[in-house]
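Below is one structure, written out as structure tokens; comments come after it.
The values are calculated or read from the model by the stated rules, or taken from the named source; none is laboratory data. This structure is a prediction, so every number in the text was calculated from the model and none was measured. Backbone-built Cβ (ideal geometry, glycine too); neighbour counts: all protein chains shown. What goes into the accessible areas is simple: the full protein's heavy atoms, side chains included, and nothing from ligands, DNA or RNA. Shrake-Rupley method; radii C 1.70, N 1.55, O 1.52, S 1.80 Å.
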Amino acid sequence: MERVQFQKEYPLNNVSRTALWRAISMPNGLSEWFCDSVVVDRDTYVFTWKGFQQKATLIAKQEDEYIRFQWEEDKATKLFFEMSIAHLELTGMVGLVVKDITEADDIDDSIVLWDSMMERLKRRLGLN
């Protein structure tokens, strides 16, 4: 099945860019909302969810702006997974823009998963 990239924007009212950056870029921040645990060895990140592990390589990072990974199974492609902090023009809020990869038939399920993770992130940041 073909893997495709999709993007979703999440407004985060009154969030500190610094707190958001820590939540998306640091292992302890990621393990509070994105996964159960993260082990980092240089540019290799091992994310764990309920015993399932997935490896990714950090391919780009701009502090307080974005972090970009490539999942191990996508190494032969140009596909990547990214979380970036954005100033949302329409609302003036800070937001998180997610670019992720999924099977072409699973985009709706992936968005539901991200919506759920964003609720956990908002709680962790004290927004809910």
Exactly one of THR44, THR57 is open to solvent by 50 Å² or more (accessible area, probe 1.4 Å) and of a type in the set (Val, Ile, Thr), and that residue is THR44
Selection within segment 14-28 - closer than 16 Å to LYS122 by Cβ and either open to solvent by 70 Å² or more (accessible area, probe 1.4 Å) or in contact with a Leu (Cβ under 9 Å, 6 or more places away or on another chain) (or both):
ASN14, VAL15, SER16, ARG17, ALA19, LEU20, ARG22, ALA23, ILE24
Just give me the residues in segment 71-92 being outside any loop (DSSP other than H, G, I, E, B), open to solvent by less than 50 Å² (accessible area, probe 1.4 Å) and under 15 Å from GLU103 (Cα atoms), in sequence order.
TRP71, ASP74, PHE81
Can you list residue pairs whose Cβ atoms sit under 6 Å apart, with the first residue in segment 58-84 being under 21 Å from TYR10 (Cβ atoms) and in contact (Cβ under 8 Å) with a residue 40 or more places away in the chain and the second being open to solvent by 70 Å² or more (accessible area, probe 1.4 Å) and outside any strand (DSSP E or B)? Count only pairs 6 or more apart in sequence or on different chains.
ASP64/ARG17
If I filter segment 76-87 for residues that are modelled with pLDDT under 95, closer than 24 Å to GLY126 by Cα and over 11 Å from the mean Cα position of the chain (by Cα), do I get at least one hit?
yes
When (1) assigned to a strand (DSSP E or B); (2) open to solvent by less than 20 Å² (accessible area, probe 1.4 Å) are applied to LYS99, the one that fails is (2)
